[in-house]
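Below is one structure, written out as structure tokens; comments come after it.
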Amino acid sequence: MRHYVDASAGAKLLVEEAESGILAAFLQRAVDDGEAVGSSHLLETELRRLGIRLGIPQEHVTLLLERLDLLTPDGAVYRDAGLLPGSTLRSLDALHVAAALRWGADAMVTYDERRAAASRAVGLMVVAPR
């Protein structure tokens with residue numbers, strides 16, 4: 001199983017929220033079971049900006065990112081993102097979904113409803129541990 005972590009889930013690993021503990025435990029179990037947990041380098045930009053906005057030390061962001069398998073999107077990911085179905089799908093949502101597909105993800109770990117719907121539309125399982 002390959003779990004793609006989007007920014008809504010990644011943020012919960014940096015900022016304590018109701019789902020943070022259960023999400024961290026879910027991802028740790030996945031790793032312990034030999035499953036892949038990753039994202040794209042787009043997540044790095046989003047989490048670093050979140051860190052700056054909220055005063056989270058960048059070292060914390062780095063430690064989180066080092067635990068993930070990060071995909072560097074190529075031009076095909078951007079093209080695929082632009083061609084995904086859904087007239088209300090936003091660009092960053094589309095990029096995350098396209099990157100997940102390119103990485104070979106089985107599941108999108110997300111708490112964002114729009115991204116969840118787009119993921120389901122292309123056959124990804126959606127996981128939002130609560």
Sorted by chain and number, the residues with a modelled amide H under 5 Å from that of residue 127, at a separation of 5 or more or across chains, are 108, 109, 110
What helix-only [θ] at 222 nm does the chain give? Using -39500 (n - 2.57) per DSSP H run of at least 4, over all residues, to the nearest 500, the answer is -17500 deg cm²/dmol
One finds, for residue 15 and residue 120 with R0 = 25 angstrom and r their Cβ-Cβ distance, a FRET efficiency to the nearest 0.05 of 0.45
For segment 67-115, the dipole about the Cα centre with charges only on Cβ (Lys and Arg +1, Asp and Glu -1), to the nearest 20 debye, works out at 100 debye
Projecting the Cα atoms of 47, 9, 82 onto the charge dipole of the chain, where Lys and Arg contribute +1 and Asp and Glu -1 at Cβ, the residue farthest towards the positive end is 82
Extend 7 Å from the Cα of residue 36 along its Cα-to-C-beta direction; within segment 48-74, residues with backbone N under 19 Å of that point are 65-74
Given unit charges at Cβ for Lys, Arg (+) and Asp, Glu (-), the dipole magnitude of the chain about its Cα centre in debye, nearest 20, is 360 debye
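Rule-based calculations on the coordinates, nothing more; no lab input. All of these numbers come straight from a predicted model, not from anything done at the bench. When we count neighbours, we look across all protein chains shown, and the Cβ atoms used for this are built from the backbone with ideal geometry, even at glycine.
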